[in-house]
1. What are the semi-axes of the equivalent ellipsoid of region 5-86, taken as the square roots of 5 times the eigenvalues of the Cα gyration tensor, listed largest first and rounded to whole Å?
2. Given H placed 1.01 Å from N in the peptide plane, which residues other than close sequence neighbours of Glu263 have an amide H under 5 Å from its amide H?
3. Which distance in nm do the two modelled labels at Leu185 and Leu157 give, with both placed 7 Å along the Cα-to-Cβ direction?
4. Report relative contact order for the chain in percent, whole number only (criteria: Cα-Cα under 8 Å, sequence separation at least 6).
5. For a quick protection proxy, order the peptides 26-33, 220-227 by their average other-Cβ count within 10 Å, most packed first.
6. Assuming R0 = 30 Å, what is the FRET efficiency of Ala80 and Ser35, from their Cβ-Cβ distance, to the nearest 0.05?
7. Take the Cα pairs of the chain, get the Kirkwood Rh, then feed it into Stokes-Einstein at 4 °C and 1.567 mPa s and tell me D in µm²/s.
8. So how strong a dipole does the chain carry about its Cα centre when Lys and Arg Cβ are +1 and Asp and Glu Cβ are -1, to the nearest 20 debye?
Amino acid sequence: MRIEADHLITFALVAKTQNLSSAAQELYKSQPAISAQLKRLQEAVGEPLYIRHRYGIKLTTAGQALLPYAQTLMRTLEGARQYSQELKEGQTGHLSIAASTTIAMYYLPKQLKRFQSLKPAIDLRLIACNTQEALHLLKEGSADLALIEGPDTTSGLELRQIAEDEIMLAVSPEHPLCQKESLSLADLEGLEVVRREPGSGTRAVVDAVLKPANINPKTVLEAKGVDAVKEAVLQGFGAAFLSKLALEREVKMGLIKALRIAEGLKRPLSMVHQRLELCSQATRSFITFIQETSEAD
C-alpha cells in the first residue's frame, strides 16, 4: 500500500486541530471517513501515527516525523489554489505583446506602466517588430496580443481599434518643403524619401494612398525601424513618412519639421487577438484595460 496525497492532507489538518471532528468539518467529510483515511495512512506507513485521548489526539514519534511532509504538501496545495484564483481574477500570469515599432516605442510604454501599476504580479514582455511580424507571432502562438497599424490583414482573428494616428511628412528644417503649411499629393511626386521596410504598417498605409493616385516618390534609402528612418532624415537623406506620435520629441526640439498632407494619411491603431474564450485571464485583463483607456481618452 502506498501513501496517498489526500491522506497526508487529512493527517496534517488533524494534527493542526488535534481533533477528528474539527478536521472533518473543515474538510466537509464525515468523521468515519476521516478515521478511514487515517487508518489507511497508518497502514501505508506501517506505524501508529497518533493516539486518541479524551481531549483529542496526540501524535506518536512516527506521526511527528511524518508531519512536516504532510504540512509541506498542504502548503503547496493552498499555494496552488491561491495561484489558480489569482489567474482567474487576472491578477497574475504572463502577457507577451508583439507591437509594430511605432506603437511599441511611442504608444505602449505609457499604457504598460499604468497597467503594471494595476496588475504588478503579471509578467510583461514586449516584442517590437513591424505589423506583419507582429501578426505572425500572434498566429503562431509566440505572442498573446498584437498591436498593429495599417490595413486590416487579420483574417480569423479579432481586431479592436484603440486609437488613431496620422502619418506626416518628416523633413529637416532646411528642406525646401518647409515653406509650405500643408502638402498636396502632387507635392510628393518625385520627392526623395527614406522608406520603411516591406511589412511596415506605415509603408502599407502610404502605398495604399499614393499608388491609386499614381504618385511616385523617389526612394533614396530603405531602412528598418522608426529610429533608423528619423536618423536618415536628420542626416539629410531626404523626407520620410512617419507617425505623428514618433515625431513629437524631435519636433519640440526643432530637429525635424512634420508637415501635414492635405488629403490626410490617417490610420487606426488596432489590437488583435484570438477569440476571447481562447485568451488567458492576463490577456483579457489587458484587453479590458486598453478598451477602457481608449474610451476615456
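1. 21, 15, 11
2. Leu185
3. About 2.9 nm separates the two model spin labels.
4. 20 percent
5. Ranking, from highest mean packing down: 220-227, 26-33.
6. About 0.65, to the nearest 0.05.
7. 55 µm²/s
8. 1340 debye
Bear in mind these aren't lab numbers, they're just calculated from the coordinates by the rules spelled out. What you see is a predicted model, and the numbers here were worked out from it, not measured in a lab. For neighbour counting, all protein chains shown are included, and Cβ atoms are generated from backbone atoms with ideal geometry for every residue, glycine included.
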